[in-house]
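What follows is a single structure, written as structure tokens, with notes after it.
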Amino acid sequence: MKKTSNEKALLSISEVSSIFGIHQDTLRNWEKKGLITPLRVGPRGDRKYRPEDIERIANDKSIMKNFDAPLTDDTGKMNLTQLKQFLWRSADILRGKIDSSDYKKYIFGLLFYKRISDSWDEEYKKVLEEYHDEEVARSDHNHRFQVPKDCRWEVIQNQAEGIGHKLNEIFDKLTNANSPKLDKIFDDLDFANKDKFPNETIQRLINHFSQHNFGDNYISSDLLGDAYEYLIEQFAADAGKKGGEFYTPREVERVIINILKPHEKDHIYDMAVGSGGFLLEAYHHLKNEAGEKKARSLYLYGQEINIGTYAIAKINMFLHGLDSADIQRGDTLADPKFLNPDGSLKTFDICVANPPYSIKEWDYEIFKSDKYKRLAGYDTPPDKNADFAFLLHMVKSMNENGRAGIVLPHAVLFRGGSEGRIRQQLIKSDLIETIIGLPPKLFYGTKISAIILILNKNKPIERKGKVLIVNAESEFVAEKKQNRLRKVDIEKICSAVEAFKTSPRFSEVVDIKQITNNDYFLNIDRYVDTSEKESAVDLDELERETTTIEQEISQLRENIKKLSKAIKTKGVWKNVLLKDILMEHKELSSGKEEVHSVSVKKGVVNQIEHLGRSYSAADTSNYKLVKPGDIVYTKSPTGDFPYGIIKQSKIKTDAIVSPLYGVFAPINKYIGTILDAYFESRVNTNNYLKPIVSKGAKNTINITNTVFLSKGIYLPINVDEQREIAEILEIVSREAYLYGILAEKYSLRKRALVQDLLNGKVR
């Protein structure tokens with residue numbers, strides 16, 4: 001027998017993106033445009049694709065043409081959403097051809113090249129129209145960047161062969177023409193590698209970027225900068241563990257910058273600048289607070305050891321129009337680049353950093369004999385951990401009124417040895433103003449939680465001799481791969497720091513004397529008590545509630561006895577096909593219902609209430625309607641139910657479930673109750689489903705709703721008998737529910753008695 005399409009193995013979104021050589025976001029965009037419609041599988045609603053749909057797409061050239069189609073309107077301008085989409089498409093061209101951690105730098109390099117070339121053309125035309133003098137129009141002082149004639153974008157656009165070598169040549173010329181401004185920007189790019197970049201691949205990239213003008217008249221610095229930061233975040237997510245090497249979540253940067261509050265003309269320094277996020281956040285913060293003019297008065301400095309990441313940061317500054325930002329390449333611990341004329345370390349108003357955590361390979365020997373006096377008054381950090389080396393560099397880089405924020409692993413709060421002695425020295429010097437414990441899984445590449453240390457060399461008088469310790473470990477929203485700080489979380493943390501007050505179970509103002517008495521350990525749990533308190537229990541009221549429940553249970557038992565004696569066999573029982581007692585209805589969401597899932601123990605349940613968040617698609621218009629009493633079949637294997645779960649909806653309102661679920665209306669309410677009780681059994685459910693379910697790749701359940709209804713179970717035919725059985729089942733369910741409540745009451749009574757005994761209230 002030929003298998004139906006529903007019985008074929010479904011493909012995951014990652015498998016399909018690999019087949020087409022495109023990013024998963026592109027598939028999601030195709031879905032929005034109606035080019036391909038995936039199934040939604042499992043409690044999370046994962047996208048699964050039919051093989052026949054993939055085959056159709058592969059044979060439809062118009063779809064790939066649609067993929068490459070321009071996004072602009074008649075003016076040639078793109079909004080932010082369109083620009084993000086366009087730039088992410090460029091990544092799809094390289095995806096699968098080179099390592100995911102590498103292709104970002106090529107995309108960024110080409111984007112920057114296209115920007116400065118198109119901007120040069122704009123500047124040339126503007127001056128020419130004004131002065132009608134070609135020599136003046138070409139003059140260097142009329143251009144932000146110098147783009148020689150043989151380096152313009154049209155040159156590479158018209159190149160047919162050897163495009164990679166030509167690009168490398170152009171980048172060398174651009175660097176020389178703009179030295180030292182563009183030094184090292186293109187050093188890590190090699191488009192001449194034919195294994196990575198066949199001529200046709202580079203040609204496709206060039207053609208892609210050639211679709212739009214990236215000059216200032218078409219894309220502002222703010223717009224292009226925002227899109228570039230979006231790309232950085234997407235590449236970080238795509239790179240997994242390596243993403244944490246160049247990207248700090250913007251929310252974490254926002255917390256630190258909001259606390260440090262940059263002022264006009266402040267000098268701001270990031271010793272491990274990464275992609276430049278902290279510096280840009282400082283700029284955006286002041287721009288929002290005081291306007292662009294004052295924001296551009298900031299002096300921005302950064303140093304980065306990785307040449308590729310250094311280039312990302314430099315380009316980031318240029319695309320935001322922050323050409324004056326001073327980004328240097330080098331090892332901050334071994335070779336700091338920002339020095340005073342006398343060779344000492346330059347100091348700054350604000351220092352920020354998210355340095356690499358607990359690196360073992362670093363220049364310990366150089367640091368041990370440090371000529372920059374970063375160890376003055378402090379022990380030497382251990383040779384196998386650089387955390388405190390970065391921290392001491394930051395301390396030395398703060399001016400006399402300097403403020404600083406640094407992200408570090410939790411362990412710096414309690415590790416011993418030389419690190420413990422450094423921590424003691426920092427506490428005694430009263431440099432630490434605030435410690436913030438962050439939630440886990442905020443950072444790419446690690447699941448550990450980190451902390452923020454806020455340092456201040458000129459604490460306000462009321463904060464001297466004190467440290468504010470904040471436990472924000474629970475302030476987040478869980479997303480698919482990473483946790484994230486919400487706006488409300490950021491505001492809560494920053495408000496607590498601003499107030500510098502004790503808040504129960506969240507923050508504690510701790511005197512340095514107390515820290516000293518704790519041997520200079522700073523473990524957050526030592527100072528911020530997040531434990532729940534036992535609420536007072538009225539034992540008399542509890543006794544009354546328990547008695548009432550026991551009386552109801554007793555009455556239910558009597559009712560069961562009476563019904564069991566009264567029930568009469570009204571007729572024969574026979575094997576009834578489910579298709580004769582269940583009718584599939586295909587009513588869809590009206591847009592007002594909440595998304596539900598199916599639980600083994602709780603039946604049809606609200607996703608957010610049961611799972612903590614919704615896993616539904618953004619568009620739920622095709623979700624199936626579930627009415628009170630409906631039977632729902634979810635085809636997601638779970639635990640003791642490897643072929644899915646069958647439950648009756650016992651909620652009193654309409655709900656919606658994934659399109660993959662089967663939803664059926666019973667011929668009467670009694671049948672619904674009986675089926676729900678029958679399929680509550682693992683054995684009954686598995687015995688019914690196993691013969692008719694086929695499992696595809698990755699345990700995918702392949703069964704149509706028609707097949708689901710094709711088997712039968714033994715049931716009474718007489719409706720009165722169905723009613724009597726349903727009544728007994730409902731009473732038994734109520735009894736079981738009350739026993740659960742009663743158990744909770746007994747447990748509560750025990751805890752209350754124990755609490756009273758321990759408090760001395762009972763003797």
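The values are calculated or read from the model by the stated rules, or taken from the named source; none is laboratory data. Here the structure is a predicted model, which is why all the values come from computation and not from measurement. Counting neighbours? That spans all protein chains shown, and the Cβs are built from the backbone with ideal geometry, glycine included.
A compact table of results
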{"quantity": "Any hit, segment 54-65, residues being modelled with pLDDT of 65 or more, acidic (Asp, Glu) and surrounded by fewer than 18 Cβ atoms within 10 Å (Cβ to Cβ)", "calculated": "yes"}
{"quantity": "Residue satisfying all of: in segment 391-419; in a strand (DSSP E or B), surrounded by fewer than 23 Cβ atoms within 10 Å (Cβ to Cβ) and touching a helix residue (DSSP H, G or I) at 6+ places or on another chain (Cβ under 7 Å); modelled with the highest pLDDT among these", "calculated": "Leu408"}
{"quantity": "Of the criteria (1) at pLDDT 85 or above; (2) in contact with a Pro (Cβ under 8 Å, 6 or more places away or on another chain); (3) not polar (S, T, N, Q), which one Val604 fails", "calculated": "(2)"}
{"quantity": "Selection status of Ile307, buried (at least 22 other Cβ atoms within 10 Å of the Cβ) and farther than 27 Å from Ile432 by Cβ", "calculated": "no"}
{"quantity": "Residue that is among the acidic types (Asp, Glu) and modelled with pLDDT of 95 or more, where the choices are Asp383, Asp430, Asp370", "calculated": "Asp430"}
{"quantity": "Condition check for Phe500: at positive phi and either in contact with a helix residue (DSSP H, G or I) (Cβ under 8 Å, 6 or more places away or on another chain) or surrounded by fewer than 17 Cβ atoms within 10 Å (Cβ to Cβ) (or both)", "calculated": "yes"}
{"quantity": "Within segment 361-390, tally of residues that are of a type in the set (A, V, I, L, M), assigned to a loop (DSSP other than H, G, I, E, B) and surrounded by 15 or more Cβ atoms within 10 Å (Cβ to Cβ)", "calculated": "2"}
{"quantity": "Failed condition for Asp720, given (1) among the acidic types (Asp, Glu); (2) part of a helix (DSSP H, G or I); (3) closer than 29 Å to Leu39 by Cβ", "calculated": "(3)"}
{"quantity": "Pairs, first within 24 Å of Ile692 (Cα to Cα) in segment 637-661, second surrounded by fewer than 16 Cβ atoms within 10 Å (Cβ to Cβ) and hydrophobic (A, V, I, L, M, F, W, C), C-beta under 9 Å, six or more apart", "calculated": "Thr638/Val600; Gly639/Val600; Asp640/Val600; Phe641/Val600; Tyr643/Ile692; Ile645/Val600; Lys647/Val600; Pro659/Leu588"}
{"quantity": "Counted residues, segment 362-394 - those being under 13 Å from Arg421 (Cα atoms) and hydroxyl-bearing (Ser, Thr, Tyr)", "calculated": "2"}
{"quantity": "Filter result (among the aliphatic types (A, V, I, L, M) and buried (at least 18 other Cβ atoms within 10 Å of the Cβ)) within segment 618-641", "calculated": "Val626, Ile631, Val632"}
{"quantity": "Residue among Phe318, Phe338 that is crowded, with 18+ Cβ neighbours inside 10 Å and under 28 Å from the mean Cα position of the chain (by Cα)", "calculated": "Phe318"}
{"quantity": "Residue within segment 233-246 that is in contact with a Gly (Cβ under 8 Å, 6 or more places away or on another chain), outside any helix (DSSP H, G or I) and modelled with pLDDT under 90 present", "calculated": "yes"}
{"quantity": "Neighbours by Cβ (under 6 Å, 6+ apart or cross-chain): first from segment 228-253, surrounded by fewer than 23 Cβ atoms within 10 Å (Cβ to Cβ); second charged (D, E, K, R) and modelled with pLDDT of 65 or more", "calculated": "Tyr230/Lys84"}
{"quantity": "Every residue from segment 445-471 that is buried (at least 20 other Cβ atoms within 10 Å of the Cβ) and touching a Pro at 6+ places or on another chain (Cβ under 7 Å)", "calculated": "Ala450"}
{"quantity": "Inter-residue pairs, beta-carbon under 7 Å, first on the phi > 0 side of the Ramachandran plot and in segment 400-424, second surrounded by fewer than 19 Cβ atoms within 10 Å (Cβ to Cβ), 6+ apart", "calculated": "Gly417/Pro382"}
{"quantity": "Criterion violated by Ala313 - all others in (1) in contact with a Cys (Cβ under 9 Å, 6 or more places away or on another chain); (2) closer than 18 Å to Thr332 by Cα satisfied", "calculated": "(1)"}
{"quantity": "Candidate set: segment 296-323, residues that are modelled with pLDDT under 95 and either of a type in the set (S, T, N, Q) or not assigned by TED's automatic domain parsing to the domain that holds Trp362 (or both); chosen: the one nearest to Lys396 (Cα to Cα)", "calculated": "Asn306"}
{"quantity": "Residues that are crowded, with 18+ Cβ neighbours inside 10 Å and either over 21 Å from Tyr737 (Cα atoms) or not assigned by TED's automatic domain parsing to the domain that holds Met583 (or both), drawn from segment 642-653", "calculated": "Tyr643, Gly644"}
{"quantity": "When residues of segment 357-397 are limited to those that are touching a residue at least 40 places away in the same chain (Cβ under 8 Å) and farther than 24 Å from Asp342 by Cα, the one nearest to the chain's Cα centre (by Cα)", "calculated": "Tyr357"}
{"quantity": "Any chance Ile422 is closer than 17 Å to Asp525 by Cα, among the β-branched types (Val, Ile, Thr), in contact with a Pro (Cβ under 9 Å, 6 or more places away or on another chain) and not in a strand (DSSP E or B)", "calculated": "no"}
{"quantity": "Residues of segment 184-201 satisfying the condition of being surrounded by fewer than 14 Cβ atoms within 10 Å (Cβ to Cβ) and either over 19 Å from Ala91 (Cβ atoms) or of a type outside the set (S, T, N, Q) (or both)", "calculated": "Lys194, Asp195, Glu200"}
{"quantity": "Criterion (over 23 Å from Arg250 (Cβ atoms) and in the same structural domain as Val252 (by TED's automatic domain parsing)) met by exactly one of Val509, Val477, Val470", "calculated": "Val509"}
{"quantity": "Boolean, Tyr106 is surrounded by 18 or more Cβ atoms within 10 Å (Cβ to Cβ), outside the structural domain of Leu319 (by TED's automatic domain parsing) and at negative phi", "calculated": "yes"}
